[in-house]
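A.B. asks: Encoded as structure tokens, here's the structure I'll be asking about.
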Amino acid sequence: MNLFRTTAALLALTTGLLALPAQAEDVQQNTYSNTASGDPLYNVEAPKAYAMIGDLFIARPLLIGATAIGAVAFVISLPFTLASGGVKDAGTALVVEPGREAFVRCLGCDTSGYQHN
């Protein structure tokens, strides 16, 4: 193969590889925009099966463990938070938020569908 063909093939391959992230972003944006409900408080997601399996076997057990550890930490820190007046903030951060993500969020979704204002 001569130098021109080698250079042209290398240039075409490099250009194709550099365009892949832009194509992936375009596909991702089209996928999420088609499944959105349009309501800013509730956004419908359509997770893939591998995301659901990973969420079920990896993320949920870790979140349940984080909720349990957070509950223990909340009880241990209760005398200090009572003195400072931050019981509600500590309970929300240590117990409620991990619990919401573990038990309210749909399987494989990125965000919780339940939003209480």
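A.B. asks: Quick check: residue separation of T7 and T92 times 0.36 nm, minus the Cα distance between them. What number comes out in nm?
C.D. replies: Value of the extension gain: 24.6 nm.
A.B. asks: If a/c stays under 1.5 just call it rounded; otherwise compare a/b with b/c (prolate if a/b is bigger, oblate if not). Do that for the stretch 40-117, with a ≥ b ≥ c from the square roots of the Cα gyration tensor eigenvalues.
C.D. replies: Working: a/c = 5.47, a/b = 1.82, b/c = 3.00.
Cα axes put the stretch 40-117 in the oblate bin.
A.B. asks: Here is a further query. Going by average Cβ neighbours within 10 Å, how do the peptides 77-89, 52-64 rank, with the highest at the top?
C.D. replies: Output ranking for 77-89, 52-64: 52-64, 77-89.
A.B. asks: Then there is this: So for the pair T15, D110, with labels modelled 7 Å out along Cα→Cβ, what separation do we get in nm?
C.D. replies: 3.2
Values in this text are rule-based calculations from the coordinates and carry no lab data. None of these values were measured; they are calculated from a predicted model. Cβ atoms come from the backbone with ideal geometry, glycine included; neighbour counts cover every protein chain shown.
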